[in-house]
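The values are calculated or read from the model by the stated rules, or taken from the named source; none is laboratory data. Just so it is clear, the model here is predicted, and its values are computed rather than measured. All Cβ positions, glycine included, derive from the backbone under ideal geometry; neighbour counts span all protein chains shown.
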Amino acid sequence: MNVVTLEVGSRDRSNRRFLPALKGEAQGAFISFESPALLFKVFSGKRWDLLKVMAGAGPMTIREAARRAGRDVKAVHGDIHSLLKAGILERTDKGKVVFPFDAVHVDFMLNVA
């Protein structure tokens, strides 16, 4: 199963994976956010639903993603562009969009203020 981990962490945390990765040690797929607020800004409830229908489904048009999610094409268009900008989705050579993972793991800790 191809899994991506969404994490909230510092640049140091990401950098700790960098040197082992250069040595050829598999690190897995990670997308890092500076804060929980930023993660939740990128991932609204509707965007989570969109990822759910796109996970493991391969490349598709925005119209197809909207159909699968049961949503308006214009609204999905905006969400897809936000997810593309955040590096969550990818665009294929043929202009389709893809979420290249089968599953998402979210990893962050909320500490006492």
*Could you grab me the full set of residues in segment 57-71 that are outside any helix (DSSP H, G or I), surrounded by 13 or more Cβ atoms within 10 Å (Cβ to Cβ) and either modelled with pLDDT under 95 or not charged (D, E, K, R) (or both)?*
57, 59, 60, 61
*Of the residues that make up segment 96-108, is at least one without any contact (Cβ under 8 Å) to a residue 24 or more places away in the chain and assigned to a strand (DSSP E or B)?*
no
_Against the condition under 15 Å from the mean Cα position of the chain (by Cα) and modelled with pLDDT under 95, how does residue 86 come out, does it pass?_
yes
*Out of segment 27-67, which residues are under 15 Å from residue 92 (Cβ atoms) and under 12 Å from the mean Cα position of the chain (by Cα)?*
54
_Looking only at segment 4-40, and only at residues there that are outside any helix (DSSP H, G or I) and surrounded by fewer than 12 Cβ atoms within 10 Å (Cβ to Cβ), the one that is modelled with the highest pLDDT_ = 35
*Quick one: which residue in 74, 52 is charged (D, E, K, R) and either farther than 18 Å from residue 29 by Cβ or at pLDDT 95 or above (or both)?*
74
*asked:* Any residue in segment 41-52 that is part of a helix (DSSP H, G or I) sitting within a Cβ distance under 8 Å of a residue that is among the β-branched types (Val, Ile, Thr)? List the pairs, counting only those 6 or more apart or interchain.
replied: 42/88; 50/76; 50/80; 51/88; 51/104
